[in-house]
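Worksheet for the structure shown next.
The values are calculated or read from the model by the stated rules, or taken from the named source; none is laboratory data. Fair warning: this is a prediction, and the values are worked out from it, not measured in the lab. Cβ atoms come from the backbone with ideal geometry, glycine included; neighbour counts cover every protein chain shown. These accessible areas exclude ligands, DNA and RNA; they are computed on the full protein's heavy atoms, side chains included. Shrake-Rupley method; radii C 1.70, N 1.55, O 1.52, S 1.80 Å.
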Number of protein chains: 2
Amino acid sequence: MNLGPRSYPILVGTGALRSVGERLAALGAGRRTALVSDRSVMALHGSVVIESLRASGFSVAEIRVPEGETAKTLAVAERCWDDCLAAGLDRTSTLLALGGGAVGDLAGFVAATYMRGIPFVQLPTTLLAQVDASIGGKVAIDHPRAKNLIGAFHQPRLVVVDPSVLSTLPDAEFRSGLSEVVKHGIVLDTAYFADIEAHVREILAKDLPTLERVIAGSCRLKGRVVEADEREGGPRAALNYGHTVGHALEAATSFSKWLHGEAVSLGIAAAALIAQRLGMADAETVTRQVGLLKALGLPVTFSGPAPDAVVQAIARDKKARDGKVPFVLAPRIGEFRLVFDIPPDAVLSVLGKMQEAAG
Amino acid sequence: MNLGPRSYPILVGTGALRSVGERLAALGAGRRTALVSDRSVMALHGSVVIESLRASGFSVAEIRVPEGETAKTLAVAERCWDDCLAAGLDRTSTLLALGGGAVGDLAGFVAATYMRGIPFVQLPTTLLAQVDASIGGKVAIDHPRAKNLIGAFHQPRLVVVDPSVLSTLPDAEFRSGLSEVVKHGIVLDTAYFADIEAHVREILAKDLPTLERVIAGSCRLKGRVVEADEREGGPRAALNYGHTVGHALEAATSFSKWLHGEAVSLGIAAAALIAQRLGMADAETVTRQVGLLKALGLPVTFSGPAPDAVVQAIARDKKARDGKVPFVLAPRIGEFRLVFDIPPDAVLSVLGKMQEAAG
């Protein structure tokens, strides 16, 4: 990832977690580190990382956090700051996040704010985190009234992606991550999209060479966008494709009904249909998107919440600029456009149809 | 302040607070703003700022925070995030801090983390904040065990300094700010130091033309250092002169015995004596520093805490790198040097002498 003084390597490879210590030492990191993870992930993959760090001369404090989104609270962040201080971490020390997107978001926020920012390493163990959340420096915790409301841009010093850890990931979570893979293809690269279309079976079978190629491709695509627009003032908006409706669906159901990637899948389907309704995309562009999501086992219709509630949640979108919500649409596969002032009627009608289709 | 995409103007002038709205509008800021201040400062200077903002078409939400350092807690930050959300602030909105260093640190931290960072304006009303805290983007709240432990680098979009507000500042607080003025002279500019030496009477009388010149000079000196080293990896360390012992004195007395600038004055006197003891500076260099601090009504001797406790507090310094505490020393007026591994004995002996001198 080329971001001037904030550049960093993203390593994708089977068994890569064993090289974390060596890689961190090569970056000239201070001797002290802390590893943030939840109980299950620590049990599965913690020892490989800790041994690698110790073998390279690092001390490692372990910081346990709750599983999933429940880790992203101010109370948990506060405990992490206490733990960093107790472990004697200073500005040369490194905080490592081992886990899914939530652990990365939380640990990244703690690293961004402890002593005004200390080095940070992402070791993503879910597909979603490997192809999306761990790259690009967006870190945050949740506010009781809005997800990711409190956060920062804090680039990691290193991202190490080991696709072999996905063998222990529950199927629903694995599929959820695929929605971000599909998203990258739709808005950024038609050849990448076609590669996914052609290898649905290998992907769902978690074939390692295929996963390495697909994950590395997503990292490269996302990386290119972040390089062009680190602070999300322009083209980085593309990565929000499917997320405006997706986030609203999650918010309207208190984040309890869908995994994030499932909501994004619904959001992609909605964005595709909205583009068609506004005359911006043709039927085939919609069919390919919806077809690939379905083939990967992702939802494209839903039975609740009411379209009204979703449209109201969209109006509270964090990306609103002086009251206007930006919408990313795809005129064709491999292209995107940022549109303000989408008529609420168009959104309502599309959501209504997606509900009807669910029966 | 030239920091590439994070550049911003620093305006110093009598009556400048009346132009805040106009200046903010010229920067293309979004329509919504919130003004963070404490009850006393809001009563003294709030209406000038609010009228200026409204006259330029901005909406203004008022956010009241406790006075002084008690504002810099996670609980107060949490309330501010709530208030920002309630006021409908989005990423184009501006948070303005009106008050001393504590209000600026707190509001800056809230602005740095709300929606991953929104625009921020500093309107410093104490001398300390005008010549130091409001410039350079260091923002933070306190941890129960360490001041400024949780923070960020978040540059303001605009700093407006109105020296006329100092007429309502208590004398002790005014003098406290002068220690940072003296510090800038010692480590950065011998002519500036001589100017202060030659105008002690005008400064203490709060003569407005003199204050404008002195404040603008300090802003320029600090700005030059921050431009060279925004994230405090190198020369910005100079600004820490007097602060290693100063912070330790504050920490060892639970921040209750001295105003920050008073502790810094003691820290400057200690640093001057340590440099002499190590054979790095001559007697005249020490005499001029101590003499100017005394002439400005700042303390250079103290009766407690025990030197041991201060040395222990130094060892916990936030600026330690892999366990080593960097010390800034001045070989002569206008120069500085960063030194690691100062013998604790030298510090103990100097602190002991400063206590003896206090009787």
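Does B:A271 fit the bill of being surrounded by 18 or more Cβ atoms within 10 Å (Cβ to Cβ) and either out of contact with any Phe, Trp or Tyr (no Cβ under 8 Å at 6 or more places or on another chain) or within 14 Å of chain A (Cβ to nearest Cβ) (or both)?
Spelling it out, it is not the case that B:A271 is surrounded by 18 or more Cβ atoms within 10 Å (Cβ to Cβ) and either out of contact with any Phe, Trp or Tyr (no Cβ under 8 Å at 6 or more places or on another chain) or within 14 Å of chain A (Cβ to nearest Cβ) (or both).
Check B:I342 against each of (1) under 26 Å from A:R91 (Cβ atoms); (2) touching a Lys or Arg at 6+ places or on another chain (Cβ under 8 Å) and name the one condition it does not meet.
(2)
Kindly provide the set of residues from the stretch A:134-151 that are closer than 25 Å to A:G21 by Cβ and within 14 Å of another protein chain (Cβ to nearest Cβ), ordered by number.
Those that are closer than 25 Å to A:G21 by Cβ and within 14 Å of another protein chain (Cβ to nearest Cβ): A:G136, A:G137, A:V139.
Can you name every residue in the stretch A:291-311 that is out of contact with any Leu (no Cβ under 7 Å at 6 or more places or on another chain), of a type in the set (V, I, T) and surrounded by 20 or more Cβ atoms within 10 Å (Cβ to Cβ)?
Those that are out of contact with any Leu (no Cβ under 7 Å at 6 or more places or on another chain), of a type in the set (V, I, T) and surrounded by 20 or more Cβ atoms within 10 Å (Cβ to Cβ): none in the stretch A:291-311.
Going residue by residue through the stretch B:3-15, is there one that turns out to be in contact with a strand residue (DSSP E or B) (Cβ under 8 Å, 6 or more places away or on another chain) and either open to solvent by 70 Å² or more (accessible area, probe 1.4 Å) or within 14 Å of chain A (Cβ to nearest Cβ) (or both)?
no
Can you report the number of residues in the stretch B:1-20 which are in a loop (DSSP other than H, G, I, E, B) and touching a residue at least 60 places away in the same chain (Cβ under 8 Å)?
Total satisfying the criteria: 8.
Report yes if B:T168 is away from chain A (no Cβ under 14 Å), among the hydroxyl-bearing types (S, T, Y) and open to solvent by less than 30 Å² (accessible area, probe 1.4 Å), otherwise no.
Against the criterion (away from chain A (no Cβ under 14 Å), among the hydroxyl-bearing types (S, T, Y) and open to solvent by less than 30 Å² (accessible area, probe 1.4 Å)), B:T168 does not qualify.
Regarding the stretch B:181-194, can at least one residue be identified that is out of contact with any Pro (no Cβ under 8 Å at 6 or more places or on another chain), touching a residue at least 40 places away in the same chain (Cβ under 8 Å), open to solvent by 40 Å² or more (accessible area, probe 1.4 Å) and within 28 Å of B:R23 (Cα to Cα)?
No.
What number of residues within the stretch B:104-125 are more than 12 Å from every other protein chain (Cβ to nearest Cβ), out of contact with any helix residue (DSSP H, G or I) (no Cβ under 6 Å at 6 or more places or on another chain) and among the β-branched types (V, I, T)?
Final tally of qualifying residues: 1.
Which count do you get for residues in the stretch B:260-286 that are without any contact (Cβ under 8 Å) to a residue 40 or more places away in the chain and more than 25 Å from the chain's Cα centre (by Cα)?
4
Which one of the conditions (1) more than 26 Å from B:V325 (Cβ to Cβ); (2) assigned to a helix (DSSP H, G or I) does B:K206 fail to meet, given that it meets all the rest?
(2)
Would you be able to say whether some residue in the stretch A:21-33 is surrounded by fewer than 20 Cβ atoms within 10 Å (Cβ to Cβ), in a loop (DSSP other than H, G, I, E, B), modelled with pLDDT of 95 or more and within 21 Å of the chain's Cα centre (by Cα)?
no
Where the second residue is open to solvent by 40 Å² or more (accessible area, probe 1.4 Å) and modelled with pLDDT of 95 or more and the first is within 11 Å of another protein chain (Cβ to nearest Cβ) and lies in the stretch A:63-83, which pairs have Cβ atoms under 8 Å and are six or more apart or on separate chains?
Close Cβ pairs satisfying both conditions: A:L74/B:E78.
Report, by residue number, each residue of the stretch B:233-268 that is open to solvent by 10 Å² or more (accessible area, probe 1.4 Å), of a type in the set (G, A, S) and out of contact with any strand residue (DSSP E or B) (no Cβ under 6 Å at 6 or more places or on another chain).
Selection gives B:G233, B:G234, B:A251, B:A252, B:S254, B:S256.
Okay, residues lined up against (1) without any contact (Cβ under 8 Å) to a residue 60 or more places away in the chain; (2) open to solvent by 20 Å² or more (accessible area, probe 1.4 Å); (3) within 14 Å of chain B (Cβ to nearest Cβ):
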position: A:A198; (1), (2), (3): yes, yes, no
position: A:A216; (1), (2), (3): no, yes, no
position: A:V226; (1), (2), (3): no, no, yes
position: A:R231; (1), (2), (3): no, yes, yes
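Testing B:M354 on (1) assigned to a helix (DSSP H, G or I); (2) open to solvent by 10 Å² or more (accessible area, probe 1.4 Å), one condition comes back false. Which one is that?
So B:M354 meets the others, but not (2).
Condition first: within 13 Å of chain B (Cβ to nearest Cβ) and over 18 Å from B:D322 (Cα atoms). Can you find one or more residues in the stretch A:90-101 that meet it?
Scanning the stretch A:90-101 turns up no residue that is within 13 Å of chain B (Cβ to nearest Cβ) and over 18 Å from B:D322 (Cα atoms).
Within the stretch B:327-340, can you find the residues that are under 12 Å from B:A271 (Cα atoms) and open to solvent by less than 70 Å² (accessible area, probe 1.4 Å)?
Result: B:F327, B:V328, B:L329, B:A330, B:P331, B:L338, B:V339.
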